[in-house]
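A.B. asks: Dropping a structure here in structure tokens format, bear with me for questions.
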Amino acid sequence: MAILITGAAGFIGMHCSLRLLARGDSVVGIDNLNDYYPVQLKRDRVARVATEGGDRYRFIPCDFADHAALEAALAGLEIDRIIHLGAQAGVRYSIENPRAYAQSNLVGHLNILELARERRAGHLVYASSSSVYGGNETLPFRVEDRVDHPLSLYAATKKADELMSETYAHLYRLPQTGLRFFTVYGPWGRPDMALWLFTDAILRGRPIQVFNGGEMRRDFTYIDDIVTGVVAALDHPPADDGQAKAGGSVSPHAVYNIGNHRSEELTRLIDLIEAACGRPAIREMKPMQPGDVRETFADIGAIERDLGFRPTTDISDGVPRFVDWFRDYHGI
């Protein structure tokens, strides 16, 4: 198949590209290479994929929030299915720069929906987020739960994306799957995430900021497991059969949690990083940050039932793999 991946220079986009190329698909990747975090890391990811993909991989710098630029970039290119991962990420940054989220996550998502409709794409798989659960206190989070009270603008944009997708599934019978990612980590990860920040600080002898006194829990999900779930979703478009799908839609639109189904203490993550780095962290205790949540925990029953998804990587294995990659990438 010919697969379009947005956010192709991103963490998950890179790994999805590699997996699809390895099984023989062709990939067109687009990304605007913005400077939310160092652009060189994004370029290095693209270069790695290009080396593996050869003539079955094409990368096009493009801002999908600009519909004219998007149409021009993809003119004449065959697209069978779409994995829409591109977005302005980050809970805390959405408080500092809200307009970036409206442009990328709302306008950009609409542009991809229109592209999928116009191209009659066989399936659009898009990234949602565990952030949509906001302050929900019933754990684990289930796709059937109400998600009407987001705690950040980032979360609100992701919920809005799900609603727009539902509309397009209803009006145009466009098959879609939304994936609520839970704290993805692993080699080539994002520099704004705790695992990168803590590893970098510990290896360089700098303090780490531990929010809410360490009283936080996350469902950490290793990148290889995430990619397995994304590809399984891509290969199984929801049927247009009038039956209720995961998430409740009777249109061809399913929504799944994709997590590790284990809620881990933040302090355990830090302990594992310390062990992998071979040195202790200097811990600075900080209060809870605006827009953040105390705990996440994914109920993955729906995606396990429908797609056979079952994560295999515990953080005791995944964290050392990341630290090894981090040392190698930075020459530490």
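A.B. asks: Select from region 64-80 the residues that are of a type in the set (D, E) and under 15 Å from G108 (Cα atoms) and write down the one among them that is least open to solvent (accessible area, probe 1.4 Å).
C.D. replies: Result: D66.
A.B. asks: Here is a list: D148, D161. Which entry is open to solvent by less than 10 Å² (accessible area, probe 1.4 Å) and acidic (D, E)?
C.D. replies: Values: D148 fails: open to solvent by less than 10 Å² (accessible area, probe 1.4 Å).
Checking each option against the conditions leaves just D161.
A.B. asks: Just need a number here: residues in region 192-248 that are open to solvent by less than 10 Å² (accessible area, probe 1.4 Å) and either polar (S, T, N, Q) or free of Cβ contacts under 8 Å to residues at least 40 places away in the same chain (or both).
C.D. replies: The number of residues fulfilling the criteria is 2.
A.B. asks: Okay, moving on. Can you tell me which condition D306 does not meet? The list is (1) within 30 Å of G205 (Cα to Cα); (2) in contact (Cβ under 8 Å) with a residue 40 or more places away in the chain; (3) open to solvent by 60 Å² or more (accessible area, probe 1.4 Å), and all the others hold.
C.D. replies: Only one criterion in (1) within 30 Å of G205 (Cα to Cα); (2) in contact (Cβ under 8 Å) with a residue 40 or more places away in the chain; (3) open to solvent by 60 Å² or more (accessible area, probe 1.4 Å) is unmet by D306, namely (1).
A.B. asks: In addition: Confirm whether V132 is under 18 Å from the mean Cα position of the chain (by Cα), surrounded by 18 or more Cβ atoms within 10 Å (Cβ to Cβ) and under 22 Å from K245 (Cα atoms).
C.D. replies: Against the criterion (under 18 Å from the mean Cα position of the chain (by Cα), surrounded by 18 or more Cβ atoms within 10 Å (Cβ to Cβ) and under 22 Å from K245 (Cα atoms)), V132 qualifies.
A.B. asks: Cβ-Cβ below 7 Å, separation at least six or inter-chain, first residue in region 108-122 and touching a residue at least 40 places away in the same chain (Cβ under 8 Å), second among the acidic types (D, E) and open to solvent by less than 10 Å² (accessible area, probe 1.4 Å): which pairs?
C.D. replies: Listed pairs, sorted by first residue: H109/D161.
A.B. asks: From the list R43, R56, which one is surrounded by fewer than 16 Cβ atoms within 10 Å (Cβ to Cβ), without any contact (Cβ under 8 Å) to a residue 60 or more places away in the chain and closer than 29 Å to L174 by Cα?
C.D. replies: That would be R56, the only listed residue that is surrounded by fewer than 16 Cβ atoms within 10 Å (Cβ to Cβ), without any contact (Cβ under 8 Å) to a residue 60 or more places away in the chain and closer than 29 Å to L174 by Cα.
A.B. asks: Here's something else I'd like to know. Return only the number of the condition from (1) open to solvent by less than 10 Å² (accessible area, probe 1.4 Å); (2) within 14 Å of P187 (Cα to Cα); (3) among the small types (G, A, S) that S17 does not satisfy.
C.D. replies: (2)
A.B. asks: From the list D241, D200, D225, pick out the single residue that is modelled with pLDDT of 95 or more, of a type in the set (D, E, K, R) and either over 16 Å from F322 (Cβ atoms) or assigned to a loop (DSSP other than H, G, I, E, B) (or both).
C.D. replies: D241
A.B. asks: Identify, from the list T183, T167, T177, the residue that is without any contact (Cβ under 8 Å) to a residue 12 or more places away in the chain, farther than 15 Å from V323 by Cα and hydroxyl-bearing (S, T, Y).
C.D. replies: Every option except T167 fails the conditions.
The values are calculated or read from the model by the stated rules, or taken from the named source; none is laboratory data. Predicted, not measured: the structure shown is a model, and the values here were computed from it. Note: ideal-geometry Cβ built from the backbone for every residue, glycine included; neighbour counts use all protein chains shown. Note: accessible area is taken over every heavy atom of the protein model, side chains too, but ligands, DNA and RNA are not part of it. Shrake-Rupley method; radii C 1.70, N 1.55, O 1.52, S 1.80 Å.
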